[in-house]
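The next block holds one structure in the form of structure tokens; read it before the comments.
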Amino acid sequence: SKFQEHDILQFLDLEKTSSPRRFQPVPRILRKIFQAREAGGASQDLCYVKELGVRGNLLRLLPDQGFFLNAQEPSRDGSCLQKFLYFNLSAIKEKGKLTMARLTLDLGPRSYYNLGPEVVVVLSVVEERGVWRRPHPKPGRMLALQSVPGPQGPLHFNLKDVVKDRNSNRLKSLGLYLEILAKEDRYSGEHFQVENTCLRLKRSLHASLLVVTLNPDHCRPSSRKRR
Amino acid sequence: AAIPVPKGSCKNLCHRHQLFVSFQDLGWHKWVIAPKGFMANYCHGDCPFSMATYLNSSNYAFMQALMHVVDPKVPKAICIPTKLSPISMLYQDNDENVILRHYEDMVVDECGCG
């Protein structure tokens, strides 16, 4: 109580204290990096995130705040699910240099069973504004089209240019259109239940955006050598 | 000539003082996930000329102390951090983002005369 909370917040380059409405689980990647730093001691270069291979002193994991688009059963043409992904970029200040923006689509835990049919993941940018008021945002520029045999585990997409572009245009959010198509392969001899796979993907799909920035003011090597 | 080492308690000599800032005390424990707080150690104590060659001193501290002996108007050598280490903070902001932030040179590990 003796010192001003405001001073120490400013000292830590934080604008204000937080009062989160909901507690988020600590993402595994951040917990792993934090524990490695705690264990590593002072000798390591902590402005380099060796787990990700990029420079950075501030890592933010942004949760997806979007919604599924088609609530009906998977359609006949194999369209498994369509989801609008929405990330609030307002926390990312221009001060830092963006060194990484990685979208992770976690398709569910790995297992040796019910691999399911091969799927195609299509990721596009939603350009339009005010998308919240529209029931079905339209996909714009395609960012990625990836075929995934046996959809399980995490998929990573490099969105650094997209996020940098949003930042430079002072756009404080990023909307993405995600579509997953299931391909039933009649020749493999295995009969995949497309519907089951789609339902499983819908249930377990989890999207997040990891943004890494580097603030050069906070990363100076100490110059004094002891006598 | 050999300089006699002063008798008396070395408590007044330059050394590191430990201070732990608890996030619980600050009321920040609801949004700071880890650590529980950080060490806000500080350096304090005398840097007498006779000890300058012992107290983890730099060259110029020795000269500073020497000049102070010759001319008391010259300020004494002072007790400063000589080794610092970083801290990392894992916390949640108001937008439900989970953030890992690193701060360089935050914790005083060693003090010396400078």
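Bear in mind these aren't lab numbers, they're just calculated from the coordinates by the rules spelled out. Everything quoted here is computed from the prediction, not taken from an experiment. So basically every Cβ, Gly included, is an ideal-geometry build from the backbone, and we count neighbours across all protein chains shown.
How much net charge surrounds A:Leu205 when only the other residues with a Cβ under 10 Å from the Cβ of A:Leu205 are counted, with Lys and Arg +1 and Asp and Glu -1? Result for the neighbourhood of A:Leu205: +2.
Label separation (B:Val107 vs A:Tyr112): 4.4 nm, computed from points 7 Å beyond Cα along the C-beta direction.
Near A:Met100: Cβ cut-off under 10 Å, other residues only, Lys/Arg at +1 and Asp/Glu at -1. The net charge is +3. Take each residue in A:28-39, count the other chain C-beta atoms within 10 Å of its C-beta, and the mean is 3. A simple spin-label model places the labels of B:Tyr60 and B:Leu84 1.6 nm from each other, with each point 7 Å out along Cα-to-Cβ.
So if we plug the beta-carbon distance of A:Ser79 and B:His17 into 1/(1 + (r/R0)^6) with R0 = 45 Å, what FRET efficiency do we get, rounded to 0.05?
Working: r = 66 Å, r/R0 = 1.46.
E between A:Ser79 and B:His17, to the nearest 0.05, is 0.10.
Hey, with R₀ at 25 Å, roughly what FRET efficiency would A:Leu69 and A:Val148 work out to, going by the Cβ-Cβ distance, to 0.05? Walk me through the numbers on the way to the answer.
Details: r = 20 Å, r/R0 = 0.79.
With R0 = 25 Å, the Cβ-Cβ based efficiency is 0.80.
Sort A:144-150, A:56-62 for me by packing, meaning the mean count of neighbouring Cβ atoms within 10 Å per residue, highest on top. Could the numbers behind the result be given before it?
Working: A:144-150: 13.4, A:56-62: 24.4.
By packing density, highest mean first, the sequence is A:56-62, A:144-150.
Semi-axis lengths, largest first, of the ellipsoid equivalent to chain B are 40, 14, 10 Å, with √(5λ) applied to each eigenvalue of the Cα gyration tensor.
Summing Lys and Arg as +1 and Asp and Glu as -1 over all other residues whose Cβ lies under 12 Å from the Cβ of A:Pro154 gives a net charge of +2.
The label-point distance for B:Asp71 and A:Arg170, in a model that sets each label 7 Å from Cα toward Cβ, rounds to 5.6 nm.
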